[in-house]
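K.L.:
A single structure is presented below for examination.
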Amino acid sequence: MRGLSLDRETSPAYQKETEKACERNSQKSLIPTKEDAFIKSLTAKYRHPAFVDEVGLGAIFAEHVACAVQIFGNFRDDRVNDSKQMKHGELYRVAEDLVNSRHPTSFLAYGLGVVEVGELLELRNMHKANRLAMCRAIEALPVRPDAVFIDGKFTLPESGIETYSVIKGDAKVFGVAAASVIAKNYRDHLIRQKYPQLHEKYDILNNVGYRSPRHLIGIRKYGITLYHRPWLKQIQQVLSGSYDEIILRKYSHIWNEYDFSKRRTELL
């Protein structure tokens with residue numbers, strides 16, 4: 001199946017197509033008005049479109065998660081935004097409301113796809129892992145979609161479904177933003193419940209597996225755990241000491257909190 005990019009700036013005919021879509025799109029749309037007319041008209045062509053986003057692609061620790069959502073009726077929630085722009089408390093409340101929507105004719109359905117740490121270590125390729133997580137999320141939906149709209153530049157030819165990549169989709173498309181909120185809330189909660197014992201060394205409860213000064217300095221001091229992604233270049237550079245000068249220059253106050261005279265453990 002073909003995969004198309006819907007980046008606003010990739011097509012010189014974009015503005016013309018948008019104007020045509022505005023003329024055609026007189027019916028009510030399930031997508032908020034902040035979205036451009038071209039994407040609104042495109043999703044309206046399909047009976048059961050799905051919207052997908054991931055969380056954890058840029059992390060250096062723990063599971064990778066994707067979420068797919070389908071919107072039924074005229075369901076929407078004006079609080080939904082790009083999950084990266086939402087504070088933890090707000091993210092949790094909105095995500096809980098989304099997954100617990102129970103109106104008989106207006107609701108959101110979702111599926112989650114998780115790639116476990118052991119699978120990541122076998123794949124050693126985050127783009128393959130991301131596609132696997134997205135396919136699993138789509139398969140977990142209650143209705144097989146006839147089109148999939150994905151945040152970013154990703155396509156899923158292996159899904160057998162027509163896919164569209166939407167650059168900055170979590171800021172343009174309600175369904176993609178909702179998927180990002182659910183995915184991030186799920187992964188954050190998973191990490192905080194599963195790895196609290198690693199917080200003291202790696203500040204895991206705050207960085208939830210992403211790069212942060214305390215996380216990187218913790219890796220330099222204690223080495224990596226079985227849950228890190230050792231094939232990533234940045235982890236290898238931190239372990240080798242290549243970042244020491246940068247860390248000392250920018251984060252000496254954090255560096256000085258760690259006692260490097262103690263024996264370093266490679267694996268926990």
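K.L.:
Within the range 29-47, does at least one residue satisfy the condition of being modelled with pLDDT of 80 or more, in contact with a Gly (Cβ under 8 Å, 6 or more places away or on another chain) and not hydroxyl-bearing (Ser, Thr, Tyr)?
P.N.:
no
K.L.:
Among the listed residues TYR210, TYR258, identify the single one that is modelled with pLDDT of 95 or more, hydroxyl-bearing (Ser, Thr, Tyr) and not in a helix (DSSP H, G or I).
P.N.:
Of the residues listed, the single one that is modelled with pLDDT of 95 or more, hydroxyl-bearing (Ser, Thr, Tyr) and not in a helix (DSSP H, G or I) is TYR210.
K.L.:
Given the criteria charged (D, E, K, R) and assigned by TED's automatic domain parsing to the domain that holds VAL115, does ARG220 qualify?
P.N.:
The answer is no for ARG220.
K.L.:
Only one of these conditions is not met by GLU200: (1) out of contact with any His (no Cβ under 9 Å at 6 or more places or on another chain); (2) at pLDDT 95 or above; (3) not assigned by TED's automatic domain parsing to the domain that holds ARG124. Which number is it?
P.N.:
(2)
K.L.:
What's the number of the condition ALA68 fails, among (1) crowded, with 17+ Cβ neighbours inside 10 Å; (2) under 30 Å from ASP203 (Cβ atoms)?
P.N.:
(2)
K.L.:
VAL208 - would you say it is within 30 Å of PHE75 (Cα to Cα) and either crowded, with 17+ Cβ neighbours inside 10 Å or polar (S, T, N, Q) (or both)?
P.N.:
In short, no.
K.L.:
Which of the residues spanning the range 94-120 are among the charged types (D, E, K, R) and free of Cβ contacts under 8 Å to residues at least 12 places away in the same chain?
P.N.:
ARG102
K.L.:
Related question: Would you mind finding the one in LYS250, LYS233, LYS201, LYS168 that is among the charged types (D, E, K, R) and under 20 Å from MET134 (Cβ atoms)?
P.N.:
The unique qualifying residue is LYS168.
The rows are residues; the columns are (1) touching a Phe, Trp or Tyr at 6+ places or on another chain (Cβ under 6 Å); (2) farther than 28 Å from PHE75 by Cβ.
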position: GLU96; (1), (2): no, no
position: THR105; (1), (2): no, no
position: LEU108; (1), (2): yes, no
position: VAL114; (1), (2): no, no
position: LEU120; (1), (2): no, yes
position: MET126; (1), (2): no, yes
position: ASN130; (1), (2): no, no
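K.L.:
Could you check the range 167-190 and list, in sequence order, the residues that are of a type in the set (A, V, I, L, M) and crowded, with 24+ Cβ neighbours inside 10 Å?
P.N.:
Once the filter is applied, which keeps residues that are of a type in the set (A, V, I, L, M) and crowded, with 24+ Cβ neighbours inside 10 Å, the range 167-190 yields VAL173, VAL176, ALA177, ALA178, ALA179, VAL181, ILE182, ALA183.
K.L.:
Just a yes or no: is a residue in the range 157-166 surrounded by 21 or more Cβ atoms within 10 Å (Cβ to Cβ), in contact with a Pro (Cβ under 7 Å, 6 or more places away or on another chain) and aliphatic (A, V, I, L, M)?
P.N.:
Taking every residue of the range 157-166 in turn, none turns out to be surrounded by 21 or more Cβ atoms within 10 Å (Cβ to Cβ), in contact with a Pro (Cβ under 7 Å, 6 or more places away or on another chain) and aliphatic (A, V, I, L, M).
K.L.:
Working carefully through the options LEU226, LEU205, find the one that is outside the structural domain of LEU42 (by TED's automatic domain parsing), modelled with pLDDT of 90 or more, part of a loop (DSSP other than H, G, I, E, B) and on the phi < 0 side of the Ramachandran plot.
P.N.:
LEU226
K.L.:
Quick check, is ALA59 of a type in the set (Gly, Ala, Ser), assigned to a loop (DSSP other than H, G, I, E, B) and either over 13 Å from the mean Cα position of the chain (by Cα) or buried (at least 21 other Cβ atoms within 10 Å of the Cβ) (or both)?
P.N.:
Here the answer is yes, as ALA59 does meet what is asked.
The values are calculated or read from the model by the stated rules, or taken from the named source; none is laboratory data. The model shown is predicted, which means the values in this text are computed figures rather than measured ones. Cβ atoms come from the backbone with ideal geometry, glycine included; neighbour counts cover every protein chain shown.
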